[in-house]
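Reviewing the structure listed below.
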Amino acid sequence: MEDIQISTLLLLMFFGFLAAFIDSVVGGGGLISIPALLFSGLSPSAAIATNKLASSMGSLTSTIAFIRSGKVDFKLVSKLFPLIFIGSLLGAWIVNFVSPELLKPMILVLLIAIAIYTFFKKDWGQKSTYHTLTWQKAALFAFAIFAIGFYDGFLGAGTGSFILFAFLMIGFDFLHSAGNAKFLNFGSNLAALIMFIFLDTVNFSYGFPMGISMIAGALAGSKFAIKKGVAYVRVLFIIVTVILIMKNILDYIMGG
């Protein structure tokens with residue numbers, strides 16, 4: 001710890017708070033926290049792994065806040081938790097053998113489709129219309145959650161947005177979708193973190209201080225979202241999705 005500059009820790013904690021504030025509602029916090037960790041001098045793999053430690057602390061906090069406000073369908077998400085956990089664990093393991101670049105074209109297309117669909121469906125997600133799914137739809141939804149978990153362990157950017165969108169598709173409003181998404185996002189974060197700890201790529205000296213600030217950011221963000229309601233979550237969801245699209249396009253340009 002004596003080799004770590006206080007200014008670096010303060011920088012990580014500031015951006016950690018900001019990332020968790022946004023991530024607590026619609027995901028996308030990694031767009032802020034991972035570049036901050038890279039700026040501190042960590043390698044890309046260490047930055048991603050360390051971010052999982054900090055974001056797990058933040059997502060647990062926002063999950064608790066949403067549960068306490070009654071915005072989580074605990075009966076449903078508790079059944080889905082093992083699926084997203086195992087999916088993420090598998091994705092975090094496979095990323096050591098297969099390049100995540102293979103998924104990026106498909107992810108960009110999905111993000112664009114989500115942004116367009118959400119923008120033009122003005123009244124979508126304003127109120128909950130969810131009812132018990134048929135077994136066919138339940139099986140398809142369960143597979144989607146497993147696949148999103150795999151994606152989180154494998155690549156990760158925008159996982160919260162994908163989970164939230166999945167809950168919107170089966171009839172939840174934006175606020176309950178956000179609460180359910182945070183519960184499952186904590187599961188995928190935790191699974192990937194366990195794998196990264198096993199692979200010894202987590203920097204705890206950076207991860208814990210950033211995680212503490214993320215706890216504060218997640219608490220503030222989730223309370224703000226619950227207070228502001230569905231309309232706020234919808235706008236933030238669209239903004240974060242568009243930023244994710246822009247980042248993916250920029251990655252292609254820079255890569256080229």
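Please list, ordered by first then second residue, the pairs with beta carbon atoms under 7 Å, 6 or more apart or interchain, first in segment 223-248 and touching a residue at least 12 places away in the same chain (Cβ under 8 Å) and over 12 Å from Ala178 (Cβ atoms), second part of a helix (DSSP H, G or I) and aromatic (Phe, Trp, Tyr).
Ile238/Phe119
Determine whether Gly171 is closer than 21 Å to Ala19 by Cα and touching a residue at least 24 places away in the same chain (Cβ under 8 Å).
Against the criterion (closer than 21 Å to Ala19 by Cα and touching a residue at least 24 places away in the same chain (Cβ under 8 Å)), Gly171 does not qualify.
Exactly one of these conditions fails for Met210: (1) hydrophobic (A, V, I, L, M, F, W, C); (2) in contact (Cβ under 8 Å) with a residue 40 or more places away in the chain; (3) open to solvent by 50 Å² or more (accessible area, probe 1.4 Å). Give me its number.
(3)
In this structure, is Val25 touching a residue at least 60 places away in the same chain (Cβ under 8 Å), open to solvent by less than 40 Å² (accessible area, probe 1.4 Å) and not in a helix (DSSP H, G or I)? I'd like the intermediate steps shown before the answer.
On the way: touching a residue at least 60 places away in the same chain (Cβ under 8 Å): yes; open to solvent by less than 40 Å² (accessible area, probe 1.4 Å): yes; not in a helix (DSSP H, G or I): no.
When the stated conditions are applied, Val25 does not pass them.
Out of Ala218, Ala192, report the one residue that is surrounded by 24 or more Cβ atoms within 10 Å (Cβ to Cβ) and modelled with pLDDT under 90.
Checking each option against the conditions leaves just Ala192.
Can you tell me which condition Ser177 does not meet? The list is (1) outside any helix (DSSP H, G or I); (2) in contact with a Leu (Cβ under 9 Å, 6 or more places away or on another chain), and all the others hold.
Condition (1) is where Ser177 drops out.
The values are calculated or read from the model by the stated rules, or taken from the named source; none is laboratory data. Because the structure is predicted, anything quoted here is derived from the model rather than measured. Glycine gets a Cβ as well: all are built from the backbone with ideal geometry, and neighbour counts include every protein chain shown. Each accessible area value is taken on the protein alone, full model and side chains, heavy atoms only, with ligands, DNA and RNA left out. Shrake-Rupley method; radii C 1.70, N 1.55, O 1.52, S 1.80 Å.
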